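To start, the structure under review is shown below, and the notes come after it.
The values are calculated or read from the model by the stated rules, or taken from the named source; none is laboratory data. In this text the structure is predicted, and so the values were computed from the model without any measurement. Note: accessible area is taken over every heavy atom of the protein model, side chains too, but ligands, DNA and RNA are not part of it. Shrake-Rupley method; radii C 1.70, N 1.55, O 1.52, S 1.80 Å.
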Amino acid sequence: MIEDADRVAAFVDGMSIHTFTTDERTIFAVERLLQRITEAAIQIPPEEAVRLGPDVPVAKMRAFGNRLRHEYRNIARDIIFDLARVEVPLIRAAAELALEMDG
């Protein structure tokens, strides 16, 4: 999850919303990485997700994973960009916290 979050950050670093929404390769790469991150979020037991705190969007990422798998044609590119810039860093921080708690 952490590595994929870092990859997402690298792909969107310095990009504007306009640049992102017109760059097909980056969109597809970020979508695939988001799918991987959402799959990893599914693996987090609900009680552990709660323990990470209310600011960690685990449930939101799980729900978005379902949308990526089943409604991918209907997801606006600006939503993908927003997730990549706002939610993925939160998920990454949560994954690091979880590793610290287990370690």
*Taking all pairs of distinct Cα atoms, average 1/r, flip it, and tell me the Kirkwood hydrodynamic radius of the chain in Å to one decimal place.*
13.8
_If each DSSP helix of 4+ residues adds -39,500 (n - 2.57) and the sum is divided by the residues in the chain, what number results at 222 nm, nearest 500 deg cm²/dmol?_
-22000 deg cm²/dmol
*Kindly write out, for segment 2-16 in residue order, the coupling ³J(HN,Hα) from the Karplus curve 6.51 cos²θ - 1.76 cosθ + 1.60 (θ = phi - 60°), rounded to whole Hz, with x marking Gly and Pro.*
5, 5, 5, 5, 5, 5, 4, 4, 5, 5, 9, 4, x, 7, 8
_Rounding to the nearest 10 and keeping the result within 0 to 90°, find how far the Cα-based axis of helix 58-70 lies from the longest principal axis of the chain._
40
*Could you please state how large a percent of the accessible area of the chain is carbon and sulfur, counting protein chains only and using a 1.4 Å probe?*
53
*Can you pull the semi-axes for segment 1-46, root of five times each eigenvalue of the Cα gyration tensor, sorted largest first, whole Å?*
23, 10, 8
